[in-house]
């Protein structure tokens, strides 16, 4: 189950917002709130408010709609900052001229998901019947390929 929160028309450039959003991607919701609390960027309080909204959306669906949601297991699945409309402005320049510039706006979106049953299912497909992981055979194939490549190079010299 995914829980979303969006903040549209935020007065910050998407590039600056992505710097802060990249800090919290993949983290638990609680850890992300602590990270945002100690981040010194101007957009951090807005993202904190957005993250709290996403957590409350999950809590609401858990209580009112009857979904089984454990708020302690939520993590930030994705955090996106997209371009919004740009405000065109004019700055006075020397000799009566004018320079145009653009004030950027961004649309922020945070998606939370719950770690749990879905992760166990994906883990079961990776682990074989005897408990060995599927990565072990792939590692052996890589070693064999390296040996073959080394013998070809030696034969070419």
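Just so it is clear, none of the values below were taken in a lab; they were calculated from the coordinates. Predicted, not measured: the structure shown is a model, and the values here were computed from it. Quick reminder, even Gly has a Cβ in these numbers, built from the backbone with ideal geometry, and neighbours come from all protein chains shown.
Here is how the numbers come out for the structure above:
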{"read-out": "Mean separation of Cα contacts under 8 Å (6+ apart) over length of region 2-126, as relative contact order %", "value": "38 percent"}
{"read-out": "Separation of the residue 91 and residue 15 label points, Cα + 7 Å toward Cβ, nm", "value": "1.4 nm"}
{"read-out": "Segments 59-65, 89-95 sorted - mean Cβ within 10 Å per residue, highest first", "value": "59-65, 89-95"}
{"read-out": "Percentage of interatomic Cα-Cα distances in region 1-74 larger than 20 Å", "value": "32 percent"}
{"read-out": "Cα pair count fraction exceeding 22 Å, expressed as % - region 30-112", "value": "47 percent"}
{"read-out": "Estimated distance in nm for a label pair at residue 77 and residue 103, the labels positioned 7 Å out from Cα along Cα-to-Cβ", "value": "3.5 nm"}
